[in-house]
1. So, by mean Cβ neighbours within 10 angstrom, what's the order for 215-224, 12-21 with the highest one leading?
2. Test of understanding: express the Cα radius of gyration of the chain as a ratio to 2.2 N^0.38 Å, with N the residue count.
3. May I ask for the equivalent-ellipsoid semi-axes of segment 97-234, computed as the square root of five times each C-alpha gyration tensor eigenvalue and listed largest first in whole Å?
4. What is the Cα centroid distance between segment 82-121 and segment 215-234, reported in whole angstrom?
5. Per 5 Å bin, what percent of the C-alpha pairs of segment 1-69 does each bin hold, from zero upward?
6. Where does helix 204-215 land angle-wise versus the long Cα axis of the chain, in degrees 0 to 90, nearest 10?
7. With each pseudo-label sitting 7 Å past Cα toward Cβ, what's the residue 56-residue 224 distance in nm, one decimal?
8. Given R₀ = 25 Å, FRET efficiency for residue 134-residue 203 by Cβ-Cβ distance, to 0.05?
Ligand SMILES: [Zn+2]
């Protein structure tokens, strides 16, 4: 996967290129799909306001994103992650890169609207799956997550501050990692393909059904039993 970068960021580009290659290969295998034709821009702080994006206004600095505003579509990666990303371990950067890469894989085909927890659960679970394959110290990262931020993944409502956004993403990562432990990684292939086949807006009920079915036998019961998945914190 090509990475474009300012000359002074060559070292960072090498590091990111390693994660991108790992993620690109792993996701292609996990999902049984041809990887999308995409590119990555590693953007220096001073160039952030000129990075390709979907909106006219620049995005907050330090937040990676995927955009289809250029051809080929691009992952835009900042030279340093925002301090909002926490916990900070050796897993933080690769997990973040793989999360955006998973969005890019999913958006390689048309996808209908889904509830926000579902839209973000899919890349979080995919990122955890790549991490497991790559031997990332995922448990250390997970052990530092606050499991009770005062909301659940379904109770989370935007717009939210950066801290709550991160807590929301981390709860989804906990749920994704637990699903991988319980059901293995095959559910990811099923959920991506199910989403590509869905042609009407996915509501709460349908999202729960899709994920429950993708998980496999006992999936839905397991899902509704999870603390992260309740309507309100337990
Ligand atoms: Zn996301």
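Only the coordinates and a few stated rules stand behind these numbers; no lab work does. Model, not experiment: these values are computed from the prediction. Positions of Cβ are backbone-derived with ideal geometry, glycine not excepted, and every protein chain shown enters the neighbour counts.
1. Details: 215-224: 15.2, 12-21: 17.4.
Ranked from most to least packed, the peptides come out as 12-21, 215-224.
2. Values: Rg = 17.1 Å, N = 234, 2.2 N^0.38 = 17.5 Å.
Computed over Cα atoms of the chain, the ratio equals 0.98.
3. Values: eigenvalues 83, 65, 50 Å².
That gives 20, 18, 16 Å for the three semi-axes.
4. The distance from the Cα centre of segment 82-121 to that of segment 215-234 comes to 21 Å.
5. For segment 1-69, the pair-distance distribution reads 3, 14, 23, 23, 18, 12, 5, 1.
6. The angle comes out at about 90 degrees.
7. Here the modelled spin labels are 4.7 nm apart.
8. 0.10
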